[in-house]
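The values are calculated or read from the model by the stated rules, or taken from the named source; none is laboratory data. Owing to the predicted nature of the structure, the values given are computational and were not obtained by experimental measurement. Cβ placement follows ideal geometry from the backbone for every residue including glycine, while neighbour counts extend to all protein chains displayed. When the accessible area is computed, the model is the full protein with side chains, heavy atoms only, and any ligands, DNA or RNA have been set aside. Shrake-Rupley method; radii C 1.70, N 1.55, O 1.52, S 1.80 Å.
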Amino acid sequence: MVSKKAKVVIIGAGMAGLTAANKLYTTAGSKELLDVCVVEGGNRIGGRINTSEFGGERIEMGATWIHGIGGSPIYKIARDINSLQSDQPWECMDGLLETEQLTIAEDGYVLNPSLVDTIYNLFNKLMDIAQGKLLIEDEIPKSMSIGSFLRKGLDAYWDSDIHELKGLDKRSLEQGIFSMFENIQRTYTSANDLQMLDYSAEKEYRMFPGEEITIARGYLSVIQSLASVLPPGLIQLGRKVTKVEWQPDESLEIENGANNKPAVKLHFLDGSIMYADHVIVTVSLGVLKQGIHKDSGMFNPPLASFKTQAISRLGFGVVNKVFLKLTPTHDGIMFPHLQMVFHQSEPNPKVPWWMRRTANLSPIYGKSNVLISWFVGKEALEVESLGDKEIIDGFSKTISSFLINSHSDAGSSFKVEKVLKSQWGTDPLFLGSYSYVAVGSSGDDLDAMAEPLPKTTTIHSNISPPPLQILFAGEATHRTHYSTTHGAYFSGLREANRLLHHYHCIDI
């Protein structure tokens, strides 16, 4: 049992932080065995989960999908709290079925579905190989990127005897279609370019089996469920941590012991301080990347080199959504589920550069007048800097280029009433969207992210630094489920269990 009531402070009220708080409080905090507190720099809970409304529709500014329902803890929570059905329309993406999509090349040429399907199947086969679902005899260099592997696969397709190339126009179209699927893949990974994505690590990434779905009552309902068991005041909003002081060596411990204070001292933006025996850091990898720089110095003393090297090597990208509310048409014409194939050479000068790696523009559900489009990397950051008028103008010019010669009447009725965009890249509480394993990094770095500090295996004497001062959770600390909400969930549970085991509250 716990000899004294240890103080545990969790930095961040997102999925990882609230999962840890939920587990710690329900297991030990409610029994007065641990003093648990969550400090959140923003004015809301949820972190990169942010359900909102736009144009009378329920939308997700951040996390959207449950990636496979078989064994997913997020699916189980959503099901148990009856969040999978709703009378109010929501961003359910039911128009993303391949049979309902209209694929058009720049300048309005509607593409034959069989051509699109051929390249789609090729792309999926290559990704299955990269993810270890299909085995090949050829050995792939360890330093290969996903982007290089995909392009080698496309070249091999063109060079194969069974593929009869019918002119340069067809090859150009195929290249454009392939690029469209690459850009869709970028939204899954957050990488600005698939050349930045490590090939070897792709095989370690895991998804749950079964259907991928959205949450009818909003992703935030899962967060609210986790927080609902916590007493008032346990979560403190508007409490931005600016510095974490800890004690990695014995000399500091002696000084600390003399003062009889807990091992970690937190400094907040408002000038206040808080002491803790253990701190679970759940801030994003983007914030950690900024926090290890000497000029910002979030940790004092700096984190161990194995930790800072992992933080530096791993990738952390930006993915943003843009929502457009269209003026309803009198004749009831609905905007199609549009896939856009951009020319790889001789681009239309009227289409702005930040639109040219956008793969699709679709209603958030079948009959909605709210459209959604995804942006990644430098294009996502550019969109954050643009005003509503610039965004509307860019979309209007792009859509007129695609629908001007098509059989759809939606182009002539494309009138945008208002715009809403996410801004994860410039939000100082996140500085991006989610992590990926970059070339030069590996799954070992994700494991290093999960290591608590100070990194000691045994306590040799009473002058050794206190163990488990700083623990780390969040999607970027999970080797096989990084970039996902369930990865964040698993990591929060992992660190809570680590502390509970440390205090003999549970056996693991």
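Within the stretch 367-392, the set of residues being of a type in the set (Ser, Thr, Tyr) and in a strand (DSSP E or B) comprises Ser373 only. As a summary of the residue check, Ser190 satisfies the conditions (1) over 23 Å from the mean Cα position of the chain (by Cα); (2) open to solvent by less than 60 Å² (accessible area, probe 1.4 Å) except for the one numbered (1). Of the residues making up the stretch 490-508, those that are open to solvent by 40 Å² or more (accessible area, probe 1.4 Å) and within 24 Å of the chain's Cα centre (by Cα) are Phe490, Leu493, Arg494.
Do we find a residue being among the basic types (Lys, Arg) and in contact with a Gly (Cβ under 8 Å, 6 or more places away or on another chain) anywhere in the stretch 240-248? Before the answer, list the steps.
From the stretch 240-248, those among the basic types (Lys, Arg) are 240, 243; that's our starting set.
Next, from what is left, pick out any that are in contact with a Gly (Cβ under 8 Å, 6 or more places away or on another chain): 240, 243.
The answer is yes; a qualifying residue exists.
Residue pairs whose Cβ atoms lie under 7 Å apart, separated by 6 or more positions or on different chains, with the first residue in the stretch 133-145 and open to solvent by 70 Å² or more (accessible area, probe 1.4 Å) and the second β-branched (Val, Ile, Thr), are Ile136/Ile129; Ser143/Val439. Scanning the stretch 421-442 for residues that are charged (D, E, K, R) and in a strand (DSSP E or B) returns a single hit, Lys421.
Taking Arg206, is it surrounded by fewer than 19 Cβ atoms within 10 Å (Cβ to Cβ), on the phi < 0 side of the Ramachandran plot and basic (Lys, Arg)? Let's see the steps before the verdict.
On the way: surrounded by fewer than 19 Cβ atoms within 10 Å (Cβ to Cβ): yes; on the phi < 0 side of the Ramachandran plot: yes; basic (Lys, Arg): yes.
For Arg206, the condition - surrounded by fewer than 19 Cβ atoms within 10 Å (Cβ to Cβ), on the phi < 0 side of the Ramachandran plot and basic (Lys, Arg) - is met.
Would you point out which residue out of Leu420, Leu386, Leu429 is under 22 Å from Pro347 (Cα atoms), modelled with pLDDT of 95 or more, under 27 Å from the mean Cα position of the chain (by Cα) and surrounded by fewer than 21 Cβ atoms within 10 Å (Cβ to Cβ)?
Leu386
A residue that is under 17 Å from Ala16 (Cα atoms), of a type outside the set (A, V, I, L, M), modelled with pLDDT of 95 or more and not in a helix (DSSP H, G or I) can be found somewhere in the stretch 465-476.
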